[in-house]
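Quick notes on the structure that follows.
Each value in this text was obtained by applying a stated rule to the coordinates, not by laboratory testing. Keep in mind that what you see is a predicted model, and the values were worked out from it rather than measured.
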Amino acid sequence: MSVFGKIHLGYLVIETEKFADWRRFGRDAIGMHLDESCSDVLRFRLDDNTCRFLLRRGPAEDTTALGWEIDGHATFETIQARVRSHGVPMTEGTAEEAALRGVERFTRFPGPNGLAQEIYVNPRTGSERLRLGASGGFVTGPAGMGHVAIATKRPHEMRGYYSTVFDARLSDYIDETINGLKFKIRFLRVNERHHTVAIAATTRLPLNPIRTRIQHCNVQVGELQDMTMAYHRVKDLGFDIALSVGQHTNDKELSFYAVSPSGFEWEVGWNPIVVDESTWEPTTHQGISMWGHTPEGQDIVELLGRFKTGAQSVLHHEATVPALAGAGIADD
């Protein structure tokens, strides 16, 4: 049984010591609802769900888990059976952990690049009145809360993983040169959103210039003004802009990229296309942007740091889950 269309990106778990910076970034700059009702954690909401971003104290300064909302217990059990049939261990979340995430129950299992995967059913509704800085709200619903982009040295295995576990489908490719490195980016969808996981990999040397488990996460706002106002708030509050406002070649989303307090990038976007499954055909685009998305504020120290990270990654083992990657999926 295919589970495509019954999977939705539901939340991210982030480990950080920079709570004060994240309060300003998430609430004041991006415009999300801040919930500090639980001790020693921060939670951000985008909609009625209790939690879309769970921030816990720790030194990683990184995203540590992706939470996936599953439509119904039958689909939940189908995915559990898939994972277990390949000999991959699963751990049931405790009642306390589930409450922090605002879900009825969840199960955790390992994912590629050291990013844990958590599947859950029945998200809870937040008890506080929603307070957002985006007048048109954030777009979630059947398309999920947004997307993540992950840099990897093993793109075929990562694509195979999400296809095996979630029946992810290929939307398209982008070929791009970034800071002198040639990348091929694969865009995977699990529902009507053009992509929920983007997989970026260099085309020659097996290296990864990104320190964090995700390169960026994306949230979508309901009105163009909400995106442009968030851009100005980010700058006015002193947070770095990674890429200015621009429009992507493949999903046509207008967006900008800020640098989060933990170092990975945060894309705020508006009006991406919705995939029509009856007519969609994967294609390859040259370059990530039709216009805009120009780098802002990158200095030589930052660029050298990325080159150093990339060079060191050649010698470092990248966490994978071979049992769920099959033989990997080669490009067509």
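Quick notes
- Note that the range 75-80 has calculated 3J(HN,Hα) couplings of 5, 4, 5, 4, 5, 4 Hz, one per residue in order, obtained from phi through the Karplus relation 6.51 cos²θ - 1.76 cosθ + 1.60 (θ = phi - 60°); glycine and proline are x.
- Debye-formula intensities of the range 119-175, expressed as log10 I(q)/I(0) at q = 0.30 Å⁻¹, are -1.49 (one equal scatterer per alpha-carbon, no solvent).
- For the range 35-51, 3J(HN,Hα) computed residue by residue from phi via the Karplus equation (6.51, -1.76, 1.60; θ = phi - 60°) reads 10, 10, 6, 9, 5, 6, 9, 10, 10, 10, 10, 10, 7, 5, 4, 4, 8 Hz, glycine and proline entered as x.
- Sorted into 10 angstrom bins from 0, the C-alpha pair distances of the range 141-313 split as 10, 38, 38, 13, 1 percent.
- Difference of contour (0.36 nm per residue) and Cα-Cα distance, Glu77 to Glu296: 74.3 nm
- Max-minus-min Cα coordinates of the chain on each principal axis give 48, 48, 42 Å, with the largest extent listed first.
- Total lysine pairs in the chain at Cα distances under 23 Å, for residues eight or more apart or on different chains: 8.
- Cα-based Rg and Dmax for the range 7-123, where Dmax is the largest Cα-Cα distance (Å): 14.5, 45
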